[in-house]
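A.B. asks: First, the structure itself, so that you have it in front of you.
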Amino acid sequence: MKNNVEVLLEKILEELSLLSVSIKSEALSCFYSEFLNTENRKKMYELFNGENDAKSISEQIGCTPRAVRMFIQDLIEKDLINFHKDGNAIIPEKSVSKIAVYYNTRKLDMEGIYE
């Protein structure tokens with residue numbers, strides 16, 4: 001049988017989860033309209049799975065590795081994706097949490113301007 005503290009913690013976690021879904025959904029919508037504004041970028045992002053490098057992604061979608069590297073670098077500079085290196089190659093991976101933090105920080109910064 002659960003004690004009162006366990007029940008309360010479960011309720012808090014459930015509420016946080018619901019709040020998190022809303023925040024992430026709004027942030028993803030902004031991210032898609034701001035950063036995935038071309039078909040090539042959408043295709044690139046879909047391949048950010050922690051296994052593909054820029055060359056592999058470019059070959060799969062039919063664009064230049066340079067275009068993919070520039071897009072990856074832009075997202076890394078804004079801390080919107082996870083990545084790791086394999087030699088000189090950068091391997092990108094999607095991160096919904098980083099996107100949510102980015103847009104909510106930006107929103108808070110903008111709200112601070114008007115106070």
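A.B. asks: How far, in degrees from 0 to 90, does helix 4-35 lean away from the longest principal axis of the Cα atoms of the chain, to the nearest 10?
C.D. replies: Once rounded, one gets 30 degrees.
A.B. asks: Could you pull out the longest piece of the chain with no exposed loop trypsin sites (Lys or Arg not before Pro) in it, calling a site exposed if DSSP puts it outside H, G, I, E, B and it has at most 15 other Cβ atoms within 10 Å?
C.D. replies: 3-77
A.B. asks: Right, something else. Rounding to the nearest 10 and keeping the result within 0 to 90°, find how far the Cα-based axis of helix 65-77 lies from the longest principal axis of the chain.
C.D. replies: On a 0 to 90 degree scale, this one is about 30.
A.B. asks: Between LYS78 and ILE12, what's the calculated FRET efficiency when r is the beta-carbon distance and R0 is 41 Å? Round to 0.05.
C.D. replies: That pair, LYS78 with ILE12, gives E of 0.85.
A.B. asks: If you take the Cα Rg of region 58-115 and divide it by 2.2 N^0.38 Å, with N the number of residues, what do you get?
C.D. replies: Rg over 2.2 N^0.38 Å, computed on Cα atoms: 1.44.
A.B. asks: Could you pull out every residue, at least 5 positions away or on a different chain, whose amide H is within less than 5 Å of the one on ILE90? Hs are placed 1.01 Å off N in the peptide plane, and Pro or chain starts have none.
C.D. replies: Under 5 Å from the amide H of ILE90: ALA54.
A.B. asks: What are the extents of the Cα atoms of the chain along their three principal axes, listed from largest to smallest and rounded to whole Å?
C.D. replies: In descending order, the Cα extents are 57, 44, 25 Å.
A.B. asks: So, with a 1.4 angstrom probe, what is the percent of accessible area on the chain that is carbon and sulfur?
C.D. replies: Carbon with sulfur: 54 percent of the solvent-accessible area.
A.B. asks: Take LYS42 and ASN104, extend 7 Å from each Cα along the Cα→Cβ direction, and tell me the distance between the two endpoints in nm.
C.D. replies: Calculated label separation equals 2.8 nm.
The values are calculated or read from the model by the stated rules, or taken from the named source; none is laboratory data. All figures in this text were calculated on a predicted structure; none of them were measured in a lab. Here Cβ is always computed from backbone atoms with ideal geometry, including for glycine, and neighbour counts include all displayed protein chains. With ligands, DNA and RNA removed, areas are computed over all heavy atoms of the protein, side chains included. Shrake-Rupley method; radii C 1.70, N 1.55, O 1.52, S 1.80 Å.
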